[in-house]
Structure formats: structure tokens, C-alpha cells
Amino acid sequence: MSELPFQEQSDSPASPNVADRDLKQHAQHVLSLRQIKFPFWFGGSASAMATLLTHPLDLVRLQTSPLPAQASTIRMAAHIVTNEGYLGLYAGLSAALLRQFTYSTIRFGVYEDLKSRLHHGTEKEAHSLSTLIWLSALSGFLGGVAGNPADMVNVRMQSDMSRPLADRRKYKHAFDGILCIVKTEGWTSLFRGVGANAFRASLMNSSQLASYDMVKASCIKRFGMADGTTTHLVASFTAGVIATTCVQDAK
């Protein structure tokens, strides 16, 4: 019985130490999660998944763009469904996915790799805006070159329904389109317009990725926001608005 008070006294001062130790371990765990280096193909895979939702909108935009300004997007979508069926809204989907797996994988992968290579030592300081711009511009240019063949097939497959039946190319899928172009036009035709396409990709990337990183850093440092979903949504929305504004005249 005489040992009980001694045990209570020995446990009470040790409790804060245990709590501090657990808190430090939790903090180290959170930091380790933030330092995880994700595979380079994550960006391309995420873009491909987004394409599954946005492809019908892109198709309708392409079909509406040569029409007068008063042409209705809803009417065009209804016209496609009436004449081609609901699957008509996904014409050229395979080429759009191939484009994301090439273009977006390269631009995201190269951008993150270049950023990590420019860091020295263990302490990672934020890059300047000018550094982020030229890094993202370079990665966007390379992605534009890599994605040019798929982009060409994508445009052709999406615009095929607006051509007369006798003049339609009728590519079965993206790889069939690439093979047909190589056989009938030569492999160099796959890179037709690559200069303009790569320039636009460079402009898009530099305005999108650089602004995303800067906005996210500002949200965390200046406004005290956590590095969580809300911060990423704010940065993504802002970057999307900036990128769309910058490349609107380059389309």
C-alpha cells in the first residue's frame, strides 16, 4: 500500500513528456507526408480523368466556334445528340485521353522535376515568380511537342461529324488515326503546326502552373491558410482564370 503514492507521483510529471513526444511524432509524420514525391505520371492521369468530364464541352465548343456568335451551345449539344446519339458527345475521346497522357504527363512531370533539381540542400525555399515562369514555360513547350500528334488526331476526330459523309476520315481510335496519317501523309505530318501548338502550350503552362504555386504560397504564408483542400481549390480556380485570360487570343 505504501508504494501507491510513489507511483502516482512518478506518473504525473512523466505525462507531459509523453504528450510532447506524441505531438512531435505527429508533427514529423505530417512533414514526412508533405515531402512525399509523387510519380511523374500523376499529373497526366489526373488530367485524363478530368477529360472524361470535360470532353463533351470541348467537342461542343469546337463545333460551335466556326458558327456565328449567336450560335447556342445548348442547341449544338442537342443537335449532336439528335444526329449522332449521346455517344456523339464523346467523339474523339481516345485521342483526347492520349493527348493528356502525353502533353500533361510531360508538362507536369518536367515542371516538378526541374523545381526539385533547382533546390539545394535540405531546406527548400520558394522559387521566385520569374523562375517558376520560365520553368513552366519550358515544360509546357516540351509537352506541346510531345502531344502534337494526339492533338491533331483529336481535332480531326471531333470535327469529323461536321464533314459530309463521303469526306469523313472515320478514324476508329487515336492510334488508328496516327497510323492513317503516317501512311497517307507521312510521319512528319504528325508535327504539322507544332510551333504554334508548342507556343500556346508554353503560354498556357507558364500562366497556369506559376500562378498556381504563387497563389498557394500566398494563401499559406500571408493569409495563414492550411495546406489543404480549400487552399488548393482557391489556387486552382485563380490559376485557371489567369491561364484562360492569357491564352484566349492565342487559340
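The values are calculated or read from the model by the stated rules, or taken from the named source; none is laboratory data. Since the model is a prediction, treat every value here as computed from it, not as a measurement. All Cβ positions, even for glycine, are placed from backbone atoms using ideal geometry, and neighbour counts span all protein chains on display.
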* Kindly indicate whether any position in the range 230-244 is out of contact with any Cys (no Cβ under 7 Å at 6 or more places or on another chain), buried (at least 20 other Cβ atoms within 10 Å of the Cβ) and part of a helix (DSSP H, G or I). => yes
* To do: Would you mind finding the one in SER116, SER139 that is at pLDDT below 90 and polar (S, T, N, Q)?
  => SER116
* Can you find even one residue in the range 167-178 that is among the β-branched types (Val, Ile, Thr), touching a residue at least 40 places away in the same chain (Cβ under 8 Å) and surrounded by 15 or more Cβ atoms within 10 Å (Cβ to Cβ)? -> no
* To do: Within the range 93-104, identify whether any single residue is closer than 16 Å to MET161 by Cα, in contact (Cβ under 8 Å) with a residue 60 or more places away in the chain, more than 21 Å from the chain's Cα centre (by Cα) and assigned to a helix (DSSP H, G or I), and answer yes or no.
  => no
* Structure fact -> Going through the range 69-118 in order, the residues found to be closer than 30 Å to PRO39 by Cβ and among the polar types (S, T, N, Q) are SER94, GLN100, THR102, SER104, THR105, SER116
* Any idea which of (1) closer than 29 Å to LEU89 by Cβ; (2) without any contact (Cβ under 8 Å) to a residue 12 or more places away in the chain; (3) in a helix (DSSP H, G or I) is the one PRO149 doesn't satisfy? -> (2)
* From the set of residues in the range 119-136 that are part of a helix (DSSP H, G or I) and either touching a Leu at 6+ places or on another chain (Cβ under 7 Å) or farther than 12 Å from SER202 by Cβ (or both), which is modelled with the lowest pLDDT? -> LEU129
* Asked: For the range 19-34, does any single residue satisfy the condition of being within 23 Å of GLN208 (Cα to Cα), loosely packed, with under 10 Cβ neighbours inside 10 Å, within 20 Å of the chain's Cα centre (by Cα) and at pLDDT below 90?
  -> yes
* To do: Given the conditions (1) within 26 Å of VAL60 (Cβ to Cβ); (2) under 23 Å from the mean Cα position of the chain (by Cα); (3) surrounded by 13 or more Cβ atoms within 10 Å (Cβ to Cβ), report the number of the one that PHE191 does not fulfil.
  => (1)
